[in-house]
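The values are calculated or read from the model by the stated rules, or taken from the named source; none is laboratory data. Here the structure is a predicted model, which means the values were calculated and not measured. So basically every Cβ, Gly included, is an ideal-geometry build from the backbone, and we count neighbours across all protein chains shown. Heads up: the accessible areas ignore ligands, DNA and RNA and are worked out on the full protein's heavy atoms, side chains in. Shrake-Rupley method; radii C 1.70, N 1.55, O 1.52, S 1.80 Å.
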Amino acid sequence: MTVIGTGYLGATHAACMAELGHEVLGVDVDSVKIDALKDGRVPFYEPGLPDVLTRNLEAGRLDFTTDYERVAEFANVHFLGVGTPQERGSYAADLTYVYAVIRDLVPLLEGDHIIFGKSTVPVGTADELQKLADELVRPGASVEIAWNPEFLREGYAVQDTITPDRIVLGVRRGESRAEETAREVYAKSIAGGTPFLVMDTVTSELVKVSANAFLATKISFINAVAEICEIVGGDVTRLADAIGYDDRIGRKFLGAGLGFGGGCLPKDIRAFMARAGELGADQALTFLREVDAINMRRRDRVVQLSRELCDGNLLGRRITVLGAAFKPNSDDVRDSPALSVAGSLSLAGADVSVYDPKAMDNARRVFPTLGYTDSVEEALEGAELVVLATEWQQFRDLDPEMVGELVQRRTIIDGRNVLDVDKWQAAGWNLQALGRTL
Ligand code: UDX
(Lines give C-alpha, C1' and ligand atoms only; values in the text may rest on other atoms or scores of the structure.)
Protein backbone atom coordinates (compact mmCIF):
# COMPACT_ATOMS: atom_id res chain seq x y z
CA MET A 1 0.00 0.00 0.00
CA THR A 2 1.01 3.62 -0.27
CA VAL A 3 0.37 6.39 2.22
CA ILE A 4 0.08 9.84 0.65
CA GLY A 5 1.03 12.73 2.94
CA THR A 6 3.56 12.06 5.68
CA GLY A 7 2.54 14.58 8.31
CA TYR A 8 1.40 13.49 11.75
CA LEU A 9 -1.31 11.19 10.48
CA GLY A 10 0.42 9.83 7.38
CA ALA A 11 3.85 9.15 8.88
CA THR A 12 2.23 7.31 11.78
CA HIS A 13 -0.13 5.36 9.53
CA ALA A 14 2.71 4.35 7.17
CA ALA A 15 4.99 3.13 9.97
CA CYS A 16 2.20 1.32 11.82
CA MET A 17 0.86 -0.42 8.70
CA ALA A 18 4.39 -1.72 8.08
CA GLU A 19 4.49 -2.83 11.73
CA LEU A 20 1.33 -4.86 11.01
CA GLY A 21 3.27 -6.64 8.24
CA HIS A 22 2.29 -4.68 5.14
CA GLU A 23 4.70 -3.36 2.52
CA VAL A 24 4.34 0.39 2.62
CA LEU A 25 5.55 3.31 0.54
CA GLY A 26 5.00 6.78 2.03
CA VAL A 27 4.95 9.80 -0.27
CA ASP A 28 5.05 13.53 0.29
CA VAL A 29 5.84 16.62 -1.77
CA ASP A 30 8.14 17.85 1.04
CA SER A 31 11.57 16.34 0.34
CA VAL A 32 12.95 17.48 3.72
CA LYS A 33 10.31 15.38 5.50
CA ILE A 34 10.92 12.42 3.20
CA ASP A 35 14.70 12.54 3.69
CA ALA A 36 14.24 12.60 7.47
CA LEU A 37 11.82 9.65 7.45
CA LYS A 38 14.04 7.61 5.10
CA ASP A 39 16.80 8.25 7.59
CA GLY A 40 14.70 6.97 10.49
CA ARG A 41 14.03 10.42 11.94
CA VAL A 42 10.45 11.43 12.85
CA PRO A 43 10.03 15.17 12.15
CA PHE A 44 7.81 15.66 15.25
CA TYR A 45 7.67 14.30 18.79
CA GLU A 46 5.56 11.16 19.17
CA PRO A 47 6.45 8.60 21.85
CA GLY A 48 7.28 5.17 20.39
CA LEU A 49 7.09 6.19 16.74
CA PRO A 50 10.87 6.43 16.08
CA ASP A 51 11.26 2.76 17.13
CA VAL A 52 8.45 1.58 14.87
CA LEU A 53 9.85 3.63 11.99
CA THR A 54 13.44 2.37 12.24
CA ARG A 55 12.41 -1.23 12.87
CA ASN A 56 10.32 -1.31 9.70
CA LEU A 57 12.81 0.60 7.54
CA GLU A 58 15.44 -1.95 8.55
CA ALA A 59 13.07 -4.84 7.86
CA GLY A 60 12.63 -3.45 4.33
CA ARG A 61 8.84 -3.20 4.65
CA LEU A 62 8.80 0.60 4.63
CA ASP A 63 10.16 3.24 2.29
CA PHE A 64 9.46 6.85 1.41
CA THR A 65 9.54 8.83 -1.83
CA THR A 66 8.53 12.11 -3.44
CA ASP A 67 7.91 10.39 -6.76
CA TYR A 68 4.25 9.90 -7.74
CA GLU A 69 5.19 7.63 -10.66
CA ARG A 70 6.62 5.20 -8.11
CA VAL A 71 3.47 5.45 -6.03
CA ALA A 72 1.32 4.62 -9.03
CA GLU A 73 3.36 1.49 -9.75
CA PHE A 74 3.92 0.37 -6.18
CA ALA A 75 0.41 -0.60 -5.08
CA ASN A 76 -3.32 -0.69 -5.83
CA VAL A 77 -4.29 0.44 -2.36
CA HIS A 78 -3.58 4.01 -1.30
CA PHE A 79 -4.25 5.90 1.90
CA LEU A 80 -4.67 9.64 1.65
CA GLY A 81 -3.58 11.51 4.77
CA VAL A 82 -2.74 15.05 3.71
CA GLY A 83 -3.62 18.09 5.84
CA THR A 84 -6.93 19.96 5.72
CA PRO A 85 -6.08 23.15 7.64
CA GLN A 86 -8.49 26.01 8.33
CA GLU A 87 -8.80 28.21 5.26
CA ARG A 88 -7.39 31.72 5.57
CA GLY A 89 -10.09 34.26 6.28
CA SER A 90 -12.87 31.71 6.78
CA TYR A 91 -13.95 28.85 9.02
CA ALA A 92 -13.97 26.29 6.20
CA ALA A 93 -11.41 23.55 5.67
CA ASP A 94 -8.85 24.11 2.95
CA LEU A 95 -9.02 21.11 0.61
CA THR A 96 -6.26 22.20 -1.77
CA TYR A 97 -3.92 19.35 -0.80
CA VAL A 98 -6.61 16.67 -0.98
CA TYR A 99 -7.64 17.68 -4.49
CA ALA A 100 -3.99 18.01 -5.56
CA VAL A 101 -3.39 14.36 -4.67
CA ILE A 102 -6.28 13.15 -6.83
CA ARG A 103 -5.18 15.39 -9.72
CA ASP A 104 -1.55 14.25 -9.51
CA LEU A 105 -2.07 10.56 -8.83
CA VAL A 106 -5.17 9.39 -10.68
CA PRO A 107 -3.97 10.13 -14.26
CA LEU A 108 -0.91 7.95 -13.57
CA LEU A 109 -2.80 4.85 -12.43
CA GLU A 110 -3.23 1.67 -14.41
CA GLY A 111 -5.47 -1.22 -13.38
CA ASP A 112 -7.92 -1.12 -10.47
CA HIS A 113 -7.14 1.07 -7.46
CA ILE A 114 -8.77 2.04 -4.19
CA ILE A 115 -7.97 5.31 -2.42
CA PHE A 116 -8.94 5.32 1.25
CA GLY A 117 -9.26 8.90 2.46
CA LYS A 118 -8.14 9.41 6.06
CA SER A 119 -7.99 13.21 6.21
CA THR A 120 -10.77 15.01 8.07
CA VAL A 121 -12.94 16.56 5.37
CA PRO A 122 -16.29 18.34 5.04
CA VAL A 123 -19.19 15.97 4.44
CA GLY A 124 -19.65 15.31 0.73
CA THR A 125 -15.96 15.49 -0.17
CA ALA A 126 -15.51 11.77 -0.95
CA ASP A 127 -18.33 11.86 -3.51
CA GLU A 128 -16.82 14.96 -5.14
CA LEU A 129 -13.41 13.30 -5.27
CA GLN A 130 -14.96 10.21 -6.84
CA LYS A 131 -16.44 12.37 -9.62
CA LEU A 132 -13.09 14.03 -10.22
CA ALA A 133 -11.28 10.67 -10.22
CA ASP A 134 -13.79 9.28 -12.75
CA GLU A 135 -13.01 12.23 -15.03
CA LEU A 136 -9.25 11.86 -14.71
CA VAL A 137 -8.84 8.10 -14.80
CA ARG A 138 -7.22 6.52 -17.87
CA PRO A 139 -9.35 4.35 -20.16
CA GLY A 140 -9.31 0.77 -18.85
CA ALA A 141 -8.28 1.77 -15.32
CA SER A 142 -10.59 2.30 -12.33
CA VAL A 143 -10.34 4.23 -9.06
CA GLU A 144 -12.66 3.83 -6.12
CA ILE A 145 -12.70 6.43 -3.37
CA ALA A 146 -13.64 5.21 0.12
CA TRP A 147 -13.38 7.00 3.46
CA ASN A 148 -11.63 5.61 6.51
CA PRO A 149 -11.45 8.40 9.12
CA GLU A 150 -8.61 8.49 11.60
CA PHE A 151 -9.17 9.00 15.32
CA LEU A 152 -5.60 8.93 16.65
CA ARG A 153 -4.63 11.17 19.52
CA GLU A 154 -1.24 12.87 19.51
CA GLY A 155 0.94 11.34 22.19
CA TYR A 156 -0.81 7.94 21.75
CA ALA A 157 -0.63 7.79 17.97
CA VAL A 158 1.10 4.41 17.68
CA GLN A 159 -1.20 2.66 20.11
CA ASP A 160 -4.30 4.29 18.56
CA THR A 161 -3.25 3.17 15.07
CA ILE A 162 -2.22 -0.40 15.89
CA THR A 163 -5.09 -1.09 18.28
CA PRO A 164 -7.78 1.48 17.44
CA ASP A 165 -10.99 1.47 19.48
CA ARG A 166 -12.98 1.23 16.23
CA ILE A 167 -12.43 1.17 12.48
CA VAL A 168 -14.91 3.17 10.43
CA LEU A 169 -15.25 2.66 6.71
CA GLY A 170 -17.40 4.69 4.35
CA VAL A 171 -18.08 3.03 1.00
CA ARG A 172 -19.83 4.38 -2.08
CA ARG A 173 -23.29 3.12 -2.97
CA GLY A 174 -23.43 0.47 -5.65
CA GLU A 175 -20.49 -1.70 -6.59
CA SER A 176 -17.56 -1.46 -4.16
CA ARG A 177 -14.45 -3.46 -3.34
CA ALA A 178 -13.44 -1.24 -0.46
CA GLU A 179 -14.85 -3.32 2.41
CA GLU A 180 -13.12 -6.51 1.29
CA THR A 181 -9.80 -4.69 0.91
CA ALA A 182 -10.10 -2.85 4.22
CA ARG A 183 -10.85 -6.15 5.97
CA GLU A 184 -7.55 -7.50 4.61
CA VAL A 185 -5.60 -4.37 5.57
CA TYR A 186 -6.98 -4.35 9.11
CA ALA A 187 -7.25 -8.15 9.48
CA LYS A 188 -5.11 -8.23 12.64
CA SER A 189 -7.07 -5.52 14.44
CA ILE A 190 -10.39 -7.03 13.40
CA ALA A 191 -9.30 -10.49 14.58
CA GLY A 192 -8.27 -8.86 17.86
CA GLY A 193 -11.86 -7.69 18.38
CA THR A 194 -11.76 -4.10 17.10
CA PRO A 195 -15.29 -3.12 15.99
CA PHE A 196 -15.42 -2.60 12.21
CA LEU A 197 -18.24 -0.32 11.12
CA VAL A 198 -19.17 -0.04 7.47
CA MET A 199 -21.43 2.76 6.26
CA ASP A 200 -21.90 5.16 3.37
CA THR A 201 -19.22 7.78 2.70
CA VAL A 202 -21.18 10.81 3.95
CA THR A 203 -21.92 9.15 7.28
CA SER A 204 -18.26 8.19 7.69
CA GLU A 205 -17.16 11.77 7.04
CA LEU A 206 -19.69 12.97 9.59
CA VAL A 207 -18.53 10.42 12.18
CA LYS A 208 -15.13 12.04 12.40
CA VAL A 209 -16.28 15.64 12.78
CA SER A 210 -19.08 14.63 15.14
CA ALA A 211 -16.64 12.81 17.40
CA ASN A 212 -14.39 15.85 17.62
CA ALA A 213 -17.34 18.23 18.03
CA PHE A 214 -18.63 16.09 20.89
CA LEU A 215 -15.25 16.06 22.64
CA ALA A 216 -14.92 19.83 22.25
CA THR A 217 -18.45 20.29 23.60
CA LYS A 218 -17.70 18.13 26.62
CA ILE A 219 -14.62 20.20 27.49
CA SER A 220 -16.45 23.48 26.99
CA PHE A 221 -19.39 22.24 29.03
CA ILE A 222 -17.22 21.71 32.07
CA ASN A 223 -15.40 24.98 31.46
CA ALA A 224 -18.74 26.83 31.34
CA VAL A 225 -19.62 25.27 34.70
CA ALA A 226 -16.16 26.38 35.88
CA GLU A 227 -17.16 29.97 35.12
CA ILE A 228 -20.16 29.58 37.43
CA CYS A 229 -18.05 27.88 40.11
CA GLU A 230 -15.69 30.85 40.05
CA ILE A 231 -18.57 33.22 40.81
CA VAL A 232 -20.20 31.21 43.58
CA GLY A 233 -17.05 29.76 45.13
CA GLY A 234 -17.58 26.16 44.00
CA ASP A 235 -15.03 23.55 42.99
CA VAL A 236 -15.35 22.32 39.40
CA THR A 237 -12.97 19.39 39.92
CA ARG A 238 -15.09 17.89 42.72
CA LEU A 239 -18.16 18.57 40.61
CA ALA A 240 -16.62 16.76 37.61
CA ASP A 241 -15.74 13.79 39.83
CA ALA A 242 -19.29 13.66 41.10
CA ILE A 243 -21.05 13.86 37.74
CA GLY A 244 -18.39 11.64 36.11
CA TYR A 245 -19.42 8.65 38.24
CA ASP A 246 -22.61 8.54 36.23
CA ASP A 247 -21.42 6.29 33.43
CA ARG A 248 -23.80 7.96 31.00
CA ILE A 249 -21.62 11.05 31.54
CA GLY A 250 -18.15 9.64 32.35
CA ARG A 251 -15.21 11.54 33.84
CA LYS A 252 -13.03 11.61 30.70
CA PHE A 253 -12.79 14.97 28.89
CA LEU A 254 -14.26 16.75 31.90
CA GLY A 255 -10.85 18.20 32.74
CA ALA A 256 -11.62 21.87 33.42
CA GLY A 257 -8.84 24.33 32.74
CA LEU A 258 -7.35 26.28 29.86
CA GLY A 259 -9.41 24.36 27.34
CA PHE A 260 -8.72 22.68 24.04
CA GLY A 261 -6.29 23.52 21.26
CA GLY A 262 -4.22 21.59 18.74
CA GLY A 263 -4.46 20.87 15.06
CA CYS A 264 -7.86 19.15 15.20
CA LEU A 265 -10.56 20.15 17.67
CA PRO A 266 -10.61 23.94 17.00
CA LYS A 267 -10.42 23.70 13.21
CA ASP A 268 -12.79 20.74 13.00
CA ILE A 269 -15.63 22.41 14.89
CA ARG A 270 -15.23 25.52 12.74
CA ALA A 271 -15.17 23.54 9.50
CA PHE A 272 -18.25 21.63 10.66
CA MET A 273 -20.11 24.92 11.26
CA ALA A 274 -18.99 26.26 7.87
CA ARG A 275 -20.22 23.12 6.11
CA ALA A 276 -23.55 23.24 7.95
CA GLY A 277 -23.92 26.82 6.67
CA GLU A 278 -23.27 25.72 3.10
CA LEU A 279 -25.90 23.01 3.52
CA GLY A 280 -28.45 25.57 4.74
CA ALA A 281 -28.44 24.11 8.24
CA ASP A 282 -26.40 26.66 10.25
CA GLN A 283 -28.93 26.51 13.09
CA ALA A 284 -28.11 22.88 13.73
CA LEU A 285 -24.60 23.76 14.80
CA THR A 286 -24.79 27.31 16.17
CA PHE A 287 -24.14 25.83 19.62
CA LEU A 288 -20.59 25.07 18.44
CA ARG A 289 -20.01 28.82 18.23
CA GLU A 290 -20.62 28.90 21.99
CA VAL A 291 -18.35 25.91 22.49
CA ASP A 292 -15.61 27.84 20.69
CA ALA A 293 -16.32 31.05 22.62
CA ILE A 294 -16.32 29.34 26.03
CA ASN A 295 -13.00 27.76 25.10
CA MET A 296 -11.43 31.07 24.12
CA ARG A 297 -12.74 32.80 27.26
CA ARG A 298 -10.64 30.46 29.42
CA ARG A 299 -7.48 31.90 27.90
CA ASP A 300 -8.73 35.44 28.64
CA ARG A 301 -9.56 34.38 32.18
CA VAL A 302 -5.96 33.30 32.85
CA VAL A 303 -4.66 36.61 31.52
CA GLN A 304 -7.17 38.50 33.66
CA LEU A 305 -6.31 36.45 36.74
CA SER A 306 -2.61 37.08 36.08
CA ARG A 307 -3.26 40.81 35.97
CA GLU A 308 -5.17 40.65 39.27
CA LEU A 309 -2.33 38.71 40.87
CA CYS A 310 0.12 41.36 39.62
CA ASP A 311 -1.80 44.17 41.37
CA GLY A 312 -3.67 45.19 38.23
CA ASN A 313 -0.67 45.84 35.99
CA LEU A 314 1.34 43.39 33.92
CA LEU A 315 3.93 45.89 32.69
CA GLY A 316 7.44 44.61 33.31
CA ARG A 317 6.25 41.79 35.61
CA ARG A 318 8.31 38.57 35.51
CA ILE A 319 5.96 35.73 34.58
CA THR A 320 6.92 32.11 33.94
CA VAL A 321 4.67 30.08 31.68
CA LEU A 322 5.17 26.34 32.09
CA GLY A 323 4.24 24.64 28.83
CA ALA A 324 3.97 25.67 25.20
CA ALA A 325 2.58 22.50 23.58
CA PHE A 326 -1.22 22.28 23.26
CA LYS A 327 -1.13 19.21 25.50
CA PRO A 328 1.50 17.06 27.22
CA ASN A 329 3.49 14.38 25.34
CA SER A 330 3.41 16.43 22.18
CA ASP A 331 5.61 19.11 20.61
CA ASP A 332 2.64 20.50 18.68
CA VAL A 333 1.93 24.19 19.30
CA ARG A 334 -0.86 24.63 16.77
CA ASP A 335 -3.57 26.74 18.42
CA SER A 336 -1.95 26.04 21.78
CA PRO A 337 -3.76 27.57 24.77
CA ALA A 338 -0.41 27.75 26.60
CA LEU A 339 1.30 29.73 23.88
CA SER A 340 -1.76 31.94 23.43
CA VAL A 341 -1.65 32.88 27.13
CA ALA A 342 2.13 33.43 27.05
CA GLY A 343 1.74 35.63 23.98
CA SER A 344 -1.10 37.70 25.47
CA LEU A 345 0.83 38.27 28.70
CA SER A 346 3.85 39.37 26.72
CA LEU A 347 1.81 41.69 24.52
CA ALA A 348 0.35 43.22 27.69
CA GLY A 349 3.88 44.15 28.70
CA ALA A 350 4.90 41.28 30.99
CA ASP A 351 8.42 39.86 30.86
CA VAL A 352 7.53 36.25 29.98
CA SER A 353 9.75 33.16 30.25
CA VAL A 354 8.48 29.97 28.64
CA TYR A 355 9.70 26.45 29.16
CA ASP A 356 8.39 23.25 27.57
CA PRO A 357 10.10 19.85 27.60
CA LYS A 358 9.58 19.22 23.85
CA ALA A 359 7.92 22.13 22.08
CA MET A 360 10.59 24.85 22.38
CA ASP A 361 11.67 24.88 18.73
CA ASN A 362 8.13 24.95 17.41
CA ALA A 363 7.14 27.63 19.93
CA ARG A 364 10.11 29.81 18.96
CA ARG A 365 9.09 29.59 15.32
CA VAL A 366 5.49 30.63 16.00
CA PHE A 367 6.22 33.23 18.69
CA PRO A 368 9.85 34.34 18.37
CA THR A 369 9.53 37.35 20.68
CA LEU A 370 8.86 35.41 23.90
CA GLY A 371 11.66 34.57 26.33
CA TYR A 372 12.64 30.89 26.14
CA THR A 373 14.87 29.07 28.62
CA ASP A 374 16.81 25.83 28.52
CA SER A 375 15.51 24.43 31.77
CA VAL A 376 12.50 24.69 34.02
CA GLU A 377 14.71 26.03 36.83
CA GLU A 378 16.03 28.82 34.63
CA ALA A 379 12.48 29.73 33.60
CA LEU A 380 11.37 29.95 37.23
CA GLU A 381 14.29 32.07 38.40
CA GLY A 382 13.01 35.38 39.78
CA ALA A 383 9.36 34.84 38.74
CA GLU A 384 6.67 36.97 40.32
CA LEU A 385 3.98 34.69 38.94
CA VAL A 386 4.03 31.14 37.58
CA VAL A 387 1.36 29.91 35.16
CA LEU A 388 1.09 26.16 34.66
CA ALA A 389 -0.39 25.97 31.17
CA THR A 390 0.37 22.43 29.90
CA GLU A 391 0.21 19.52 32.33
CA TRP A 392 3.52 17.77 31.55
CA GLN A 393 4.42 15.19 34.20
CA GLN A 394 7.59 17.16 34.90
CA PHE A 395 5.47 20.13 36.01
CA ARG A 396 3.05 18.00 38.04
CA ASP A 397 6.06 16.59 39.90
CA LEU A 398 7.59 19.97 40.76
CA ASP A 399 8.47 20.34 44.42
CA PRO A 400 6.82 23.50 45.77
CA GLU A 401 9.69 24.07 48.22
CA MET A 402 12.35 23.84 45.50
CA VAL A 403 10.35 26.09 43.17
CA GLY A 404 9.75 28.47 46.09
CA GLU A 405 13.50 28.96 46.44
CA LEU A 406 13.82 30.02 42.80
CA VAL A 407 10.94 32.47 42.46
CA GLN A 408 10.57 35.99 43.76
CA ARG A 409 6.97 35.51 44.85
CA ARG A 410 5.19 32.26 45.62
CA THR A 411 2.16 32.82 43.40
CA ILE A 412 0.97 30.25 40.86
CA ILE A 413 -2.01 29.73 38.57
CA ASP A 414 -2.78 26.06 37.94
CA GLY A 415 -4.29 26.35 34.46
CA ARG A 416 -4.89 22.59 34.25
CA ASN A 417 -6.06 21.66 37.75
CA VAL A 418 -3.29 19.13 38.33
CA LEU A 419 -1.32 20.40 41.32
CA ASP A 420 -1.72 19.10 44.85
CA VAL A 421 -3.34 22.14 46.44
CA ASP A 422 -2.58 21.20 50.07
CA LYS A 423 1.09 20.58 49.34
CA TRP A 424 1.56 23.89 47.52
CA GLN A 425 -0.38 25.87 50.08
CA ALA A 426 1.59 24.23 52.91
CA ALA A 427 4.76 25.52 51.22
CA GLY A 428 3.38 29.04 51.45
CA TRP A 429 2.10 29.40 47.89
CA ASN A 430 -0.84 31.50 46.80
CA LEU A 431 -2.30 28.93 44.40
CA GLN A 432 -5.15 29.94 42.09
CA ALA A 433 -6.90 27.44 39.85
CA LEU A 434 -9.58 27.69 37.18
CA GLY A 435 -13.10 26.90 38.34
CA ARG A 436 -12.15 26.68 42.02
CA THR A 437 -11.93 29.01 44.93
CA LEU A 438 -9.01 27.95 47.08
C1 UDX B 1 -8.17 14.91 19.02
C2 UDX B 1 -9.10 13.69 19.17
O3 UDX B 1 -9.06 13.24 20.52
C4 UDX B 1 -8.65 12.59 18.23
O5 UDX B 1 -9.55 11.51 18.30
C6 UDX B 1 -8.63 13.14 16.80
O7 UDX B 1 -8.16 12.17 15.91
C8 UDX B 1 -7.74 14.36 16.73
O9 UDX B 1 -8.16 15.35 17.68
P10 UDX B 1 -5.70 15.51 19.87
O11 UDX B 1 -5.83 16.79 19.10
O12 UDX B 1 -4.44 14.71 19.79
O13 UDX B 1 -6.87 14.50 19.44
O14 UDX B 1 -5.94 15.89 21.39
P15 UDX B 1 -6.90 15.48 22.60
O16 UDX B 1 -6.23 14.52 23.47
O17 UDX B 1 -8.26 15.17 22.12
O18 UDX B 1 -6.93 16.87 23.38
C19 UDX B 1 -7.43 18.05 22.74
C20 UDX B 1 -7.33 19.26 23.62
O21 UDX B 1 -8.30 19.19 24.66
C22 UDX B 1 -5.99 19.46 24.32
O23 UDX B 1 -5.63 20.83 24.21
C24 UDX B 1 -6.27 19.09 25.76
O25 UDX B 1 -5.43 19.78 26.65
C26 UDX B 1 -7.71 19.51 25.90
N27 UDX B 1 -8.46 18.80 26.95
C28 UDX B 1 -8.62 17.45 26.87
C29 UDX B 1 -9.01 19.51 28.00
O30 UDX B 1 -8.87 20.74 28.08
N31 UDX B 1 -9.71 18.82 28.96
C32 UDX B 1 -9.89 17.49 28.92
O33 UDX B 1 -10.54 16.97 29.82
C34 UDX B 1 -9.32 16.77 27.84
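Calculated on the Cα set of the stretch 184-296, radius of gyration then Dmax: 17.1, 56 Å. Counting every pair of alpha carbons in the stretch 164-207, the share spaced more than 12 Å apart comes to 58 percent.
Counting only lysines at least 8 places from LYS252 when in the same chain, those with an alpha carbon closer than 18 Å to its own are LYS218, LYS327.
Relative to the current alpha-carbon distance between THR163 and LEU315, full extension at 0.36 nm per residue lengthens the span by 49.7 nm. Here LYS118 is the anchor, and the lysines within straight C-alpha reach of less than 20 Å, apart from those fewer than 8 places off in the same chain, are LYS33, LYS131, LYS188, LYS208, LYS267.
Taking all Cα pairs closer than 8 Å and separated by 6 or more residues, the relative contact order of the stretch 1-98 comes to 35 percent. Each Lys and Arg contributes +1 and each Asp and Glu -1, all at the Cβ; summed about the Cα centre of the chain, the dipole is approximately 880 debye. Summary of packing: across the peptides 309-320, 132-143, the per-residue average of other C-beta atoms within 10 Å ranks them, highest first, as 309-320, 132-143.
Looking at the chain, the DSSP beta bridges with both ends there are about 5 percent antiparallel. Rounded, prolate or oblate for the stretch 98-231? Axes are the square roots of the Cα gyration tensor eigenvalues, ordered a ≥ b ≥ c, and the cut-off for rounded is a/c under 1.5. Judged from the Cα gyration tensor, the stretch 98-231 comes out prolate (a/c at least 1.5, a/b above b/c). Highest mean packing comes first when the peptides 391-404, 238-251 are listed by Cβ atoms within 10 Å, giving 391-404, 238-251.
For the chain, the 222 nm mean residue ellipticity estimated from helices alone, with every DSSP H stretch of n ≥ 4 adding -39500 (n - 2.57) and the total spread over all residues, rounds to -13500 deg cm²/dmol.
State the Cα centre-to-centre distance between the stretch 47-98 and the stretch 110-182 in whole Å. Going from one Cα centre to the other spans 13 Å. Which whole-number percent of Cα pairs in the chain have a distance greater than 27 Å? So the pairs more than 27 Å apart make up 57 percent of the total in the chain. Rolling a 1.4 Å probe over the protein heavy atoms of the chain, with every protein chain left in place, gives an accessible area that is 50 percent carbon and sulfur. Near the amide H of ALA93, within less than 5 Å, lie the amide hydrogens of GLU87, all on another chain or at least 5 residues away, with H placed in the peptide plane.
Farthest towards the positive end of the charge dipole of the stretch 233-315, among the residues ALA256, ALA274, ILE243, is the Cα of ALA274, using unit charges on the Cβ of Lys, Arg, Asp and Glu. In a simple Cβ point-charge model (Lys, Arg +1; Asp, Glu -1; nothing else charged), the stretch 252-385 has a dipole of about 420 debye relative to its Cα centre. If you average 1/r over all unlike Cα pairs in the stretch 3-71 and invert the result, what Kirkwood radius do you get in angstrom? Evaluated on the stretch 3-71, it is 11.4 Å. What the chain shows is 43 Å² of accessible area per residue, with the surface traced by a 1.4 Å probe over protein heavy atoms. Rounded to the nearest whole Hz, the Karplus-based 3J(HN,Hα) values (6.51 cos²θ - 1.76 cosθ + 1.60, θ = phi - 60°) of the stretch 248-260 follow the sequence 6, 9, x, 7, 5, 6, 10, x, 6, x, 6, x, 8, with x at glycine and proline. Using a/c under 1.5 as the rounded threshold, could you call the stretch 1-151 rounded, prolate or oblate? The axes a ≥ b ≥ c are square roots of the C-alpha gyration tensor eigenvalues, and prolate needs a/b larger than b/c, oblate otherwise. It is oblate, given that a/c is not under 1.5 and a/b is not larger than b/c.
For the stretch 319-438, the spread of Cα positions along the three principal axes, ordered from largest to smallest, is 39, 25, 24 Å.
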